[in-house]
1. Can you tally the net charge around residue 36? Count Lys and Arg as +1, Asp and Glu as -1, for every other residue whose Cβ sits under 10 Å from the Cβ of residue 36.
2. Label points 7 Å out from Cα along the Cβ direction at residue 163 and residue 208: separation in nm?
3. Search the structure for amide H atoms under 5 Å from the amide H of residue 148, placed 1.01 Å from N in the peptide plane, and list their residues when 5 or more places away or on another chain.
4. Excluding ligands and nucleic acids, what accessible area in Å² is computed for residue 185 using a 1.4 Å probe, to the nearest 10?
5. Using θ = phi - 60° and the Karplus relation 6.51 cos²θ - 1.76 cosθ + 1.60, list the HN-Hα couplings for segment 158-173 in order, rounded to whole Hz, with x at every Gly or Pro.
6. So for 105, 163, what's the accessible-area order with a 1.4 Å probe, most first?
7. Full extension from residue 28 to residue 149: what is 0.36 nm times the residue separation minus their Cα-Cα distance, to one decimal in nm?
8. How long is the gain from residue 183 to residue 116 if the chain were fully straight, where each residue apart is worth 0.36 nm and the alpha carbon distance is subtracted?
Amino acid sequence: MKKHFTFICAACVLVALPAMADQSGWFLGMSLGKGEPRFESAPIQSIPTREDRENGYKLWGGYKFNRNFGAEVSYLESGKLTQSGFGEIPCAAGSVCPGAPSQAYSQFIRSKGIQLVGTGSLPLTARFGLFGKLGAVHADTENQCVVGSFSCGSSGRNTDLTYGLGLSYEMAKNFSVRSEWERMRLGDKARFGDSEVNFFTIGAGYKF
């Protein structure tokens, strides 16, 4: 009986191996989209009335260990994210000058960086699936602001947490499309200010 049980278990493993192998493998892709910034800690107090967002993109690739878990690395550029409205000129100490009138202002952030995340997937149907990601982003960011005759700016690097959610669709055995939302903090808080950016993208990938 023990021999029969061992044989049955071995047969089940052999049958399952091709299916398991089919779920794992290397993949790569490209996504296009736009970022939505929320400026924080900037050296001006402002009331934003308009946002302009250039297209950004990311190149991504990684390895899927099985149908549920994988790892992914991306190179991304956010595009130029601009916010404008009315702001108050800061004093030399960094605080707003008493009685200073509000003036038209603009500020922008532009970043490029590397993202490393772990991914978790949840199949919904044979083709549709949800996925989430959690990891870190290391970014090189340029910041600029203008309020009346006052201008400020800085460039710096930061490493911070990043996470996101998405929906994927397998159009063919090795080809899929996906739409995702990611959140990351970009900028050097100590030197200029940082911005929490929501990055929305649509892309396509190929699994080897």
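The values are calculated or read from the model by the stated rules, or taken from the named source; none is laboratory data. Remember, predicted model here, so these are calculated numbers, not experimental data. We place every Cβ from the backbone using ideal geometry, glycine too, and count neighbours over all the protein chains shown. Side chains are part of the model used for accessible areas, which takes the heavy atoms of the whole protein and leaves out ligands, DNA and RNA. Shrake-Rupley method; radii C 1.70, N 1.55, O 1.52, S 1.80 Å.
1. Value of the local net charge: +2.
2. In this crude spin-label approximation the distance works out to 3.2 nm.
3. Correct list: 104.
4. Estimated to the nearest 10 Å², residue 185 gives 60 Å².
5. 8, 10, 8, 6, 9, 8, x, 9, x, 10, 10, 9, 8, 7, 8, 4
6. On the way: 105 10, 163 85 Å².
Ranked list, largest accessible area first: 163, 105.
7. Details: separation 121, 0.36 × 121 = 43.56 nm, distance 4.68 nm.
Length gained, residue 28 through residue 149: 38.9 nm.
8. 22.8 nm
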